Structures are given as structure tokens and as C-alpha cells.
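Down below is the structure, laid out as C-alpha cells.
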Amino acid sequence: MKIENISAVAANNLQNIQQKQNQSDFGEILGEFIADVNSDLKAASKAQEQILKGDVENMVELMTTIEKSDISLRLLTEVRNKALEAYQEIMRIQV
């Protein structure tokens, strides 16, 4: 097993991060995040239907799915609120 120099590993990681940042912009990242939240909400809806039908094999997994969708929706709401606050702050700047 070869042990690499720490600066070489750090430089490689930095290069990978920069390549990822160059490949996607904020709009793409936000769009992917919204799509993920949407899929979480759909999965939670299916989990709720299973609970209502009584078709439950693993209740913990279903409840985890529902809580995950709730948390991701709250996070999306907070991101939206912060973006709106930033926009309003920019609009208040005197030119």
C-alpha cells in the first residue's frame, strides 16, 4: 500500500471540487434539489397510502421516509426564504 503525500491528496481533492463547481451553476443545483424534494414527497405519499391500507412490513422505514420528506421540504422552504430575503436586500440598495 502506497501512502501519498498529504499535499498531493489535498491538491487532488481541490481539483475535483473545482471541476464540479465549473460543471454546474446555482440554478442546476437548485433544480436538482427541488427534484430530490419532489421525489421525497412522492415517496412519503406512497408510504402514507401503505399505512392507511395496512400494508405495512416495516413501519420504521415508512416513518423514516415520511420524516425525511418533511425535513427536506422545510429545508427547501428555508432556502427559498433566505433567497427572497437576499433579493429584497439587494432591491433596497441605493444606486
Any pair with Cβ under 7 angstrom, 6 or more apart, that starts in the range 38-51 at a residue that is over 16 Å from ARG74 (Cα atoms) and free of Cβ contacts under 8 Å to residues at least 60 places away in the same chain and ends at one that is outside any helix (DSSP H, G or I) and of a type in the set (Val, Ile, Thr): GLN50/VAL56
Enumeration of residues in the range 30-56 that are of a type in the set (Asp, Glu) and over 14 Å from GLU67 (Cβ atoms): GLU32, ASP36, GLU49, ASP55
Options GLU57, GLU78, GLU89: the member that is among the acidic types (Asp, Glu) and not in a helix (DSSP H, G or I): GLU57
Filtered residues of the range 39-95 (kept if touching a Ser or Thr at 6+ places or on another chain (Cβ under 8 Å) and hydrophobic (A, V, I, L, M, F, W, C)): LEU41, ALA43, ALA44, ALA47
Any hit, the range 54-62, residues being within 25 Å of the chain's Cα centre (by Cα) and either closer than 23 Å to ALA35 by Cα or touching a residue at least 12 places away in the same chain (Cβ under 8 Å) (or both): yes
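Read the figures in this text as sums done on the coordinates, not as results from a lab. None of these values were measured; they are calculated from a predicted model. Reconstructed Cβ throughout: ideal geometry from the backbone, glycine too, with neighbour counts over all protein chains shown.
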